Amino acid sequence: MNLVLLGPPGAGKGTQAQRLAESDGLVQLSTGDMLRAAVASDSEIGRIAKPIIEAGRLVPDDVMVAMIDRRIDEPDCANGFILDGFPRTLAQAEALDDVLRRKSRRLDAVIEMAVDDGVLVERISGRFSCANCGAGYHRQFRPTAEEGVCDRCGSTEFKQRPDDNEETVKTRLAAYHAQTEPLLPYYRDRGVLKTVNGMAAIDEVTAQIDTALGTLGG
Ligand code: AP5
Ligand code: MG
């Protein structure tokens, strides 16, 4: 099964993609995580992306499409993938259609996580993740079971993202409304769009996604 998770910054794409990866054996392809790894390794793409991410704007389409085109060919994607944060522009969506057609693959569903703008700053400012395994948490909504210890790997080191400040979040949200929202009618017209209520609690959103995917019939 090949999926896209679509939603504004802080909608819960990463949270639900991690859960789907664990429950359904799909690979999470987070373009944000890939770009942050590129920045950390100071690669050519990382040097292009760093100031753009910090400003909350979008990295050029050709860079993103080439990154996903290559990544989907890796063996771990053979059983299916969850695109988390890609596509984000109409040009990326059209390029993804071409890439998948060339590989004789297709999207089974695009899941829209609908969330009101008002809760996103709260979600993003409380977010932190494990510095070792990347598991995602929230100070209020998804704390670790034991204070200061990662549930998944036991690490005691955590980190926060440099673009998770109020100013940058506003720019990221504006980019979502201007450049990514047009993908909703694009995928609705193609009959693959499923909308879940991203305002619900994390477990409830997972249940809604399971129900939406259950209707795909295999
Ligand atoms: P990216 O890393 O994709 O960031 P984003 O889209 O802004 O989304 P986030 O990761 O902030 O939110 P999320 O939806 O994953 O939420 P999460 O699950 O963590 O991209 C970063 C940057 O990279 C972009 O700004 C851009 O510059 C660049 N980039 C990436 N892809 C690109 C592309 N394709 N083209 C161009 N540029 C690109 O949840 C948030 C918090 O809320 C967590 O703490 C979580 O625990 C909590 N939470 C989750 N669900 C719930 C819930 N239901 N109730 C309460 N709390 C919840
Ligand atoms: Mg994310």
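Overview of results
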{"quantity": "Residues 94, 166, sorted so that the one with the fewest Cβ neighbours within 10 Å comes first", "calculated": "166, 94"}
{"quantity": "Residue order, fewest to most surrounding Cβ atoms within 10 angstrom, among 177, 138", "calculated": "177, 138"}
{"quantity": "Largest-first principal axis extents, alpha carbons of the stretch 1-114, Å", "calculated": "34, 30, 26"}
{"quantity": "Fraction of antiparallel bridges per DSSP, the chain only, in percent to nearest 5", "calculated": "30"}
{"quantity": "Ranked list, fewest to most other Cβ atoms within 10 Å of each Cβ, for 113, 67", "calculated": "67, 113"}
{"quantity": "Rg to Rh, two decimals, where the stretch 52-92 supplies the alpha carbon set and Rh follows Kirkwood", "calculated": "1.02"}
{"quantity": "Electrostatic dipole magnitude of the chain [Cβ: Lys, Arg +1; Asp, Glu -1; Cα centre; debye, to 20]", "calculated": "300"}
{"quantity": "Viscosity 0.692 mPa s, 37 °C: Kirkwood-radius Stokes-Einstein D of the stretch 168-218 over Cα pairs, µm²/s", "calculated": "255"}
{"quantity": "Stokes-Einstein diffusion coefficient of the chain, Kirkwood radius over Cα pairs, 25 °C, 0.890 mPa s, in µm²/s", "calculated": "138"}
{"quantity": "Calculated from backbone phi, Karplus (6.51, -1.76, 1.60) coupling profile of the stretch 16-22 in Hz, x at Gly/Pro", "calculated": "6, 5, 4, 5, 5, 4, 6"}
{"quantity": "Local electrostatic count at residue 186 - Lys and Arg +1, Asp and Glu -1, tallied over other residues with Cβ under 11 Å", "calculated": "-2"}
{"quantity": "Where labels lie 7 Å past Cα in the beta-carbon direction, separation of residue 119 and residue 181 in nm", "calculated": "1.8"}
{"quantity": "Selection from 10, 153, 212 lying farthest towards where the dipole of the chain points positive, charges on Cβ", "calculated": "212"}
{"quantity": "Cα centroid of the stretch 60-131 to Cα centroid of the stretch 158-191, whole Å", "calculated": "12"}
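Read the figures in this text as sums done on the coordinates, not as results from a lab. Worth saying up front: this structure is predicted, and the values here are computed from it rather than measured. FYI the Cβ positions are ideal-geometry reconstructions off the backbone, even for glycines, and counts take in every protein chain you see.
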